[in-house]
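The values are calculated or read from the model by the stated rules, or taken from the named source; none is laboratory data. Since the structure is predicted, the reported quantities are computational estimates derived from the model, not experimental observations. Don't worry about glycine lacking a Cβ; one is built from the backbone with ideal geometry, like all the others, and counts go over all protein chains shown. Only protein heavy atoms, including side chains, enter the accessible area calculation; ligands, DNA and RNA are left aside. Shrake-Rupley method; radii C 1.70, N 1.55, O 1.52, S 1.80 Å.
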Amino acid sequence: MAIFLAKRLSSGRKKLAGSDERDPSRHGLEDRAYTIENRNPPAFGQRSPAPAAIGSRMNLLQPAKQAKVPEAAMQLSHVPRFLRIRCLGSPSGCLVLAALLLVGWPAQGAPDEQAVERYMGHVEFLASPEMRGRGAGMPELDEAAEYIAQALKAQGVEPAGDDGTYLQPFEVTTGASMGEDNSLRVERKRGASELESKQDFIPINFSGSGSVEGEVVFAGYGATAEEFDYDDYFHLNVEDKIVLVMRYEPRFFSEEASSEQEEGRSGSSRRMTRHSHLIAKAIQARKRGAKAVLLVNSRTRGGSRDRLIRFGSVSGPTDAGIPMVQIRRTIAEQWLRGSGRSLRLLERDIEESKQPQSFQLASSLRVSLSVDVEHERAMVSNVAGYLPGKSEEYLVVGAHYDHLGLGGEGSLAPNRRAPHLGADDNASGVAAILELARSYAQADERERGVLFLAFAGEEIGLLGSSHWVENPTLPLENAVAMFNFDMVGRIENRKLYVGGVGTAEPFEALVQAAATEHELRVDRSKSGYSSSDHTSFAAKKVPVLFFFSGLHSDYHKPTDTADKIDGATTVEMLAMARQIIDGVAERPERLAFIKAAPDSSHGPGAGDGEQRGYGPWFGSIPDFGEVPNGVKFADVREGSPAAKAGLQGGDILTHWNDAAITNLYDFTYALRDSKVGDVVTVRVLRGAQEVTAKVTLAPRP
């Protein structure tokens with residue numbers, strides 16, 4: 001599941017609060033917060049037991065006829081190399097994987113342990129340590145795509161990618177690296193000096209690139225916080241100057257916020273506010289015309305140690321639109337002493353007076369800065385397979401197969417560079433669609449076809465599903481519904497979450513009937529929007545259902561391992577899902593898409609990304625596909641302020657009042673700085689035309 005956008009301003013499904021650098025904003029819709037519950041998973045190496053016998057619930061996962069098992073399937077020499085090199089820790093592991101690809105479904109009435117074993121085999125392979133977390137741009141992600149394609153091929157599922165293959169390649173930005181041209185030169189009365197990159201200063205990974213020079217202005221924490229009656233930029237002209245700001249924020253920000261919102265929590269446990277986020281400091285400086293931002297560790301928050309931030313560890317956009325580097329505290333102290341000031345005393349005065357202490361440094365101090373941040377690109381692929389039906393209409397059954405690789409941005413164990421195995425997120429979902437593909441491949445032909453899609457790029461912004469709906473390999477107008485499986489492997493107390501039941505009239509009844517039949521408890525939500533791949537289809541007015549087993553304490557950590565997956569209950573859930581899918585596949589009438597209203601309450605992760613968030617209600621659903629400048633709207637909520645102002649899905653927001661909007665972070669912080677009742681003038685690109693609209697912001701529904 002895509003990480004929080006505070007990877008990001010928060011995840012529509014899963015936001016965890018973090019430190020000042022971990023602002024959720026690339027995957028959130030309009031920010032929601034969920035609490036991670038600590039579970040008691042099986043001990044390492046144990047697996048939840050499978051049911052002793054099958055009942056009527058399991059019969060839905062049996063084929064109409066038994067397939068023969070080719071003898072070659074049991075010969076190791078016939079197993080692809082990428083399967084032979086991993087035996088999953090058991091002598092029979094390689095043979096099990098071969099069987100997963102080639103062995104047919106068990107006969108009707110056979111024990112369901114076979115389905116559980118197949119399901120777990122897929123999970124164990126995709127989430128094995130050798131797959132190293134399946135991060136975007138890693139060879140292991142390509143290996144996972146090959147595995148999925150081979151599995152679909154072995155089951156008789158036709159290729160539905162580009163050029164007659166199972167793959168649909170596309171390019172993504174996977175990260176950033178420091179180029180060779182990073183330099184910082186300081187001119188003072190006593191002469192000039194060159195600082196050493198990585199020792200004296202380091203660029204922030206979302207810094208803009210380029211060369212600037214100018215005078216330096218101290219702007220406190222670089223914060224404008226109306227709620228605390230505090231503005232570091234009040235009466236401070238920073239246009240065409242380089243801004244020096246402290247990391248973190250004044251202590252009284254979080255103390256006052258805690259007293260209002262989190263009464264009873266100890267001061268040591270209070271989280272900092274959004275004003276501490278580095279991207280917020282960059283945005284504030286850029287919109288005031290500053291040339292660059294220099295960041296320095298504060299003493300009161302950062303302590304006596306003066307560490308430079310590790311390059312690549314800070315959440316933010318690809319390019320903040322302004323150069324931003326961190327410098328050592330000792331260097332900043334030298335500059336401040338030239339103006340008769342001290343960083344320690346400035347911090348003290350801000351805390352005691354609760355007033356800014358901003359000022360222009362001596363004009364004899366000038367800084368020349370060059371920043372060179374190179375953006376890394378990689379080709380990744382969606383995997384697509386198709387089982388035709390009697391008509392040209394089809395259903396989409398999808399899951400993302402990428403995860404976080406070795407961690408980094410998006411990890412909730414940020415100090416551990418280790419494979420984030422992603423067993424639940426989302427090997428569990430891929431195994432689900434492979435089991436469903438096997439089931440449908442062995443069944444009689446349906447009225448409508450079934451398209452199986454495994455998406456790349458979900459963890460970095462729903463990029464795979466966004467690419468597919470913009471470049472569909474089958475006519476999108478023939479898509480009747482989309483069923484998305486994301487984190488379905490850890491069902492507790494036989495309860496799961498199903499989102500999107502309000503996007504088509506029959507969904508509510510179909511889900512309830514199937515849940516009752518299979519003795520599963522379902523927490524439903526109506527909205528078709530959250531931070532997973534079904535959102536891309538809902539934005540194209542395709543009815544969606546989103547299956548999700550809930551959050552857990554291993555989310556986005558290396559501890560999301562295969563031994564914690566409850567394969568038996570998940571296979572039962574797949575029987576329930578198949579009943580729902582069959583109900584749509586054989587339905588005489590095509591489903592009509594409904595723009596579902598936001599839910600007033602729902603289970604974690606299953607619902608609407610707009611429901612709770614930062615600031616007033618605007619009403620757009622962002623498209624996470626990459627655009628050069630601005631924020632593209634995948635859709636606009638019906639009856640929302642944006643809709644009433646005439647904004648539409650497909651519009652690209654470029655300006656909020658007079659401020660340029662270059663990325664989702666700009667948009668989110670502009671919204672957070674606004675109030676209910678504000679009338680904002682926005683500019684959007686609609687095709688080649690620029691459209692101006694006035695939007696009256698409203699309370700969130």
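Brief remarks follow.
- Selection from 467, 456, 443 lying farthest towards where the dipole of the range 421-472 points positive, charges on Cβ: 443
- Short-range pairs are left out: with C-alpha atoms under 8 Å and at least six residues apart, the relative contact order of the range 621-701 is 27 percent.
- Stretched out straight at 0.36 nm per residue, the stretch from residue 349 to residue 476 would grow longer than its current Cα-Cα span by 39.6 nm.
- With a cut-off of 18 Å on the backbone N, the residues of the range 201-224 near the modelled label site 7 Å out from residue 360 along Cα-Cβ are 213-220.
- The charge dipole of the range 351-393, taken about its Cα centre with unit charges on the Cβ of Lys, Arg, Asp and Glu (plus for the first two, minus for the last two), comes to roughly 120 debye.
- Under the shape rule built on the C-alpha gyration tensor, where the axes satisfy a ≥ b ≥ c, the range 349-389 is oblate, since a/c reaches at least 1.5 while a/b does not exceed b/c.
- Summarising the label geometry, the points placed 7 Å from Cα in the beta-carbon direction at residue 130 and residue 334 lie 5.3 nm from one another.
- With a simple spin-label model that places each label point 7 Å from the Cα along the Cα-to-Cβ direction, the separation between residue 158 and residue 679 comes to 5.7 nm.
- Net charge, residue 142 excluded, C-beta distance under 13 Å - Lys, Arg +1, Asp, Glu -1: -2
- Pairs from 526/632; 198/632; 540/694 whose Cα-Cα separation, in the structure shown, is over 29 Å: 198/632
- Placing +1 on the Cβ of every Lys and Arg and -1 on the Cβ of every Asp and Glu, with nothing else charged, gives the range 391-548 a dipole about its Cα centre of roughly 420 debye.
- Peptides ranked, highest mean first, by Cβ atoms within 10 Å: ranges 385-393, 309-317: 309-317, 385-393
- Between the range 479-540 and the range 342-382, the Cα center-to-center distance that results, in Å: 45 Å
- Alpha-carbon centroid distance for the pair the range 136-198 / the range 201-243, whole angstrom: 31 Å
- The order of the peptides 681-693, 494-506, 649-661 by mean Cβ neighbours within 10 Å, most packed first, is 494-506, 649-661, 681-693.
- Eligible aspartates and glutamates near residue 153 by straight Cα distance, threshold 17 Å, same-chain separation 8 or greater: 142, 143, 162, 163, 435
- Highest average packing first - 173-179, 114-120, Cβ atoms within 10 Å: 114-120, 173-179
- By accessible area with a 1.4 Å probe, ligands and nucleic acids excluded, highest first: order of 301, 416: 416, 301
- Size of charge dipole - the range 505-572 - debye, nearest 20, with Cβ of Lys, Arg +1 and Asp, Glu -1, no other charges: 380 debye
- Linear extension gain, residue 629 paired with residue 688, 0.36 nm per residue minus alpha-carbon span: 19.8 nm
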